[in-house]
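A.B. asks: Encoded as structure tokens, here's the structure I'll be asking about.
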Amino acid sequence: MAGAAHCSLQAKRLLLDPRFEGYKLSLEPLACYQLGLDAAVAEVHLRDDQYTLDHMRAFGMYNYLHLDSWYQDSVYYVDQFGRVMNLSVTLDSALQKPREVFRLPTDLTACDNRLCASMHFSSSTWVILSDGTGRLYLIKSGKRGSRASEKREIVFNEELGSPFIIAHSVSFVKSEAHSLAVLLLRVEKDELDTKGSGFHVTLEWVTIAERKEGDHRYEIIKRRILQGKSVPHYAAIEPSGDGLMIVSHKRFTFMQSESDKLEENDDANVSNEKKDPLYYWQQTEDDVTITVHLPQDITKDDIKVRFSPDNICVTLKNQIPLMEGNLYSSVDHESCTWIIREDKSLEISLIKKNEGCRWPELIIGDARGEFIMDPSQCSEIAESLMHLTSEVMNPNPEKENPPCNAQELEECDAFLEDGASLCRFDGDTLKVTHIINLGSNQYLFSVVVNPKEMPCFCLRHDVDALLWQPHSDQPENMWEHIATFNALGYVQASKQDKKFMACAPDYSYAALCECLRRVFIYRQPTPLATVLYNRKEGRQVGQVAKQLVATLEANDPILGFQATSERLFVLTTKTLFLIKVNSGN
């Protein structure tokens, strides 16, 4: 993790509502439709040897209902006969029963250690499917929205080892060849783990590409394995197939081949030889000073220093740049200078554009330099932090805002894992390039807002739930805050029996369901048709957020839960429910 950039998530203040007053329970009826299934869902119960929390999270809490984000209101599931069943909704008044669109060639009941069948829609015409026995299918589906063009052709069908479930997949073109990248999740026995659960979690990153022979068949061109000690909350491949993002309680690392280990050892030996920093740097509130020791034969004419507002480049004798990269913050490049000192060192002066801003690093991602702090700066920082420490527990109990007391937290505010992190892995170097320590920002759920982008993830921030959209092609804005569900972080924590959470792709509502029957819907604030006053504050309330509750007429546990802009789809063992949340435009 040494070369990784430590980042943070920046919430947009305009999307936060500090005056949110809560959800008002609405008794308005919700239109609820139910469709009986011809055959029960192919539910797979945990075996006796699948007893850990990771097994429960990965397989026991699996969502058996799959939403096709490329087509509106289209969901899929696999039944006990190995049939992939689809329901596409156009009119609620003209609902038809789910129809068979594909049948798995293998007999699911013949495999004793199988997992649940899983699928992922890589594009509008490609589907990745697993039968739960360890076999992976790549299916060319044609346009799935039109029945006339819905021809399904298996172009790849291969056994990939022990059973797995599909976590994510993408379709892309690289080197003029169509490729698909797939993430496979396994929980495997770990004989070396004698103190822990005895299991570890693997994510296999498989790349499948079209063969050069032109026979429209596909083959595996790359297999990489990451290993960790907890099931990831979120794992997704970038649309270009160049990187991978994982949110997990315990970090994942790539399992290297022997050749990779030899190369890494060589790199480590080289790095150990070069212990001295390449450059030293200091800073004040106004400027940054860089010192670079030069070889004896270097003259002034051999040195080229190029300044730009956000970048610096230092070259000696027209060779590979000695220093080059993006600066932590902008500088006044026209005022920047450089000189050669008597001790044959190059001294560069950068004038900060944002005065008073303290830089944690000079060049983003460059760890070859050493920062030298002035003694006066050390005492200044220590003095500024003095108010945060004390020899007594509460030195000023009469203070208007007393320190936080963890004992005052309510039970629903506590959650198991407070050390989760978000890591971005590079597909070529197999190393972490970005890390975000999520701390107490509890992971809630993921949702596909735009199928051409990576899935969004929702995190708890204080009492709210914030939705984040990853942008792998925007290094300066890699994680964008796109929506807020007010107080949802607090509300969901009180639902002890919750099983699944979701939200509409247009952010109009969020929803969660319990293990049995009940579904809770939280609509975003909407303008009021009548005048309403807040009696406490004596002001008019312009909009109200509503909570709605739906109770399903079913005794079977909920196995699947998906949300679209108009409807909620809820799957039980023998029934598929549709709840109309919003009316179509």
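A.B. asks: Starting from the 7 Å offset along Cα-to-Cβ, what nm value, one decimal, do you get for the label separation of residue 250 and residue 153?
C.D. replies: 4.5 nm
A.B. asks: Still on this structure: How many Å³ per residue does the convex hull of the Cα positions in the chain occupy? Before the final figure, lay out each step's value.
C.D. replies: Values: hull volume 137.6 nm³, N = 585.
For the chain, the hull spanned by Cα atoms encloses 235 Å³ per residue.
A.B. asks: Which entries in 140/495; 174/580; 12/353; 151/229; 151/452; 222/499 show an alpha-carbon gap greater than 30 Å? Numbers along the way, then the final one.
C.D. replies: Details: 140/495 41 Å; 174/580 41 Å; 12/353 24 Å; 151/229 41 Å; 151/452 23 Å; 222/499 35 Å.
Pairs exceeding the cut-off: 140/495; 174/580; 151/229; 222/499.
A.B. asks: Sticking with the crude label model, points 7 Å out along Cα→Cβ, report the distance from residue 477 to residue 91 in nm, one decimal please.
C.D. replies: Rounded to a tenth, the inter-label distance reads 4.2 nm.
A.B. asks: Once you place label points 7 Å from the Cα toward the Cβ at residue 25 and residue 100, how far apart are they in nm?
C.D. replies: 4.6 nm
A.B. asks: Starting from 0.36 nm per residue, how many nanometres of slack lie between residue 194 and residue 311 once their C-alpha separation is accounted for?
C.D. replies: Details: separation 117, 0.36 × 117 = 42.12 nm, distance 5.01 nm.
Value of the extension gain: 37.1 nm.
A.B. asks: Set the Förster radius R0 to 51 Å, insert the Cβ-Cβ distance between residue 5 and residue 573 as r into 1/(1 + (r/R0)^6), and round the FRET efficiency to 0.05.
C.D. replies: Values: r = 47 Å, r/R0 = 0.92.
Between residue 5 and residue 573 the formula returns 0.65.
A.B. asks: Give the Rg (one decimal place) followed by the Dmax (whole number) of region 37-167, computed from C-alpha coordinates and expressed in Å.
C.D. replies: According to the Cα coordinates of region 37-167, Rg and Dmax are 15.1, 46 Å.
A.B. asks: Assuming R0 = 22 Å, what is the FRET efficiency of residue 547 and residue 14, from their Cβ-Cβ distance, to the nearest 0.05? Intermediate values should be presented prior to the final figure.
C.D. replies: Working: r = 24 Å, r/R0 = 1.11.
About 0.35, to the nearest 0.05.
A.B. asks: Residue 215 to residue 337: extension gain in nm, 0.36 nm per residue of separation minus the Cα-Cα distance?
C.D. replies: Details: separation 122, 0.36 × 122 = 43.92 nm, distance 6.11 nm.
Full-extension gain reported as 37.8 nm.
A.B. asks: Using the alpha carbons of region 62-133, what is the convex hull volume per residue in cubic angstrom, as a whole number? Don't skip to the end; give the middle numbers.
C.D. replies: Details: hull volume 6.8 nm³, N = 72.
It is 95 Å³ per residue.
A.B. asks: For residue 40 and residue 298, compute 0.36 nm times the residue count separating them, minus their Cα-Cα distance, and round to one decimal in nm. Let's see the in-between values first.
C.D. replies: Numbers: separation 258, 0.36 × 258 = 92.88 nm, distance 7.85 nm.
Here the answer is 85.0 nm.
A.B. asks: In addition: May I ask for the percentage of alpha-carbon pairs in region 279-367 that lie more than 16 Å from each other?
C.D. replies: Of all Cα-Cα pairs in region 279-367, 51 percent lie more than 16 Å apart.
A.B. asks: Count the DSSP beta bridges whose two residues both fall in the chain, then state the antiparallel fraction as a percent rounded to the nearest 5. The partial results should precede the final answer.
C.D. replies: Details: 153 of 162 bridges.
Around 95 percent of the beta bridges assigned by DSSP in the chain are antiparallel ones.
A.B. asks: Sorted by average packing, counted as other Cβ atoms within 10 angstrom per residue and highest first, what order do 511-523, 5-17 take? Could you put the intermediate results ahead of the total?
C.D. replies: Numbers: 511-523: 19.7, 5-17: 12.7.
Packing proxy ranking, top to bottom: 511-523, 5-17.
A.B. asks: Moving on. Along each principal axis of its Cα atoms, how long is region 437-502 end to end? Whole angstroms, biggest number first, please.
C.D. replies: 38, 23, 19
A.B. asks: Let me ask you something else. So what is the 222 nm mean residue ellipticity for the chain from helices alone, if each DSSP H run of at least 4 adds -39500 (n - 2.57) and you divide by all residues, rounding to the nearest 500 deg cm²/dmol? Please report the intermediate quantities before stating the final value.
C.D. replies: Working: 3 runs with 32 residues, N = 585.
Mean residue ellipticity, 222 nm, calculated: -1500 deg cm²/dmol.
A.B. asks: With r as the distance between the Cβ atoms of residue 431 and residue 583 and R0 = 60 Å, compute the FRET efficiency 1/(1 + (r/R0)^6) and round to 0.05.
C.D. replies: On the way: r = 49 Å, r/R0 = 0.82.
The formula returns an efficiency of 0.75 here.
Throughout, read-outs are computed from the coordinates displayed, never taken from laboratory work. Here the structure is a predicted model, which means the values were calculated and not measured. Methodologically, a virtual Cβ is constructed for each residue, glycine included, from the backbone with ideal geometry; neighbour enumeration extends over all protein chains shown.
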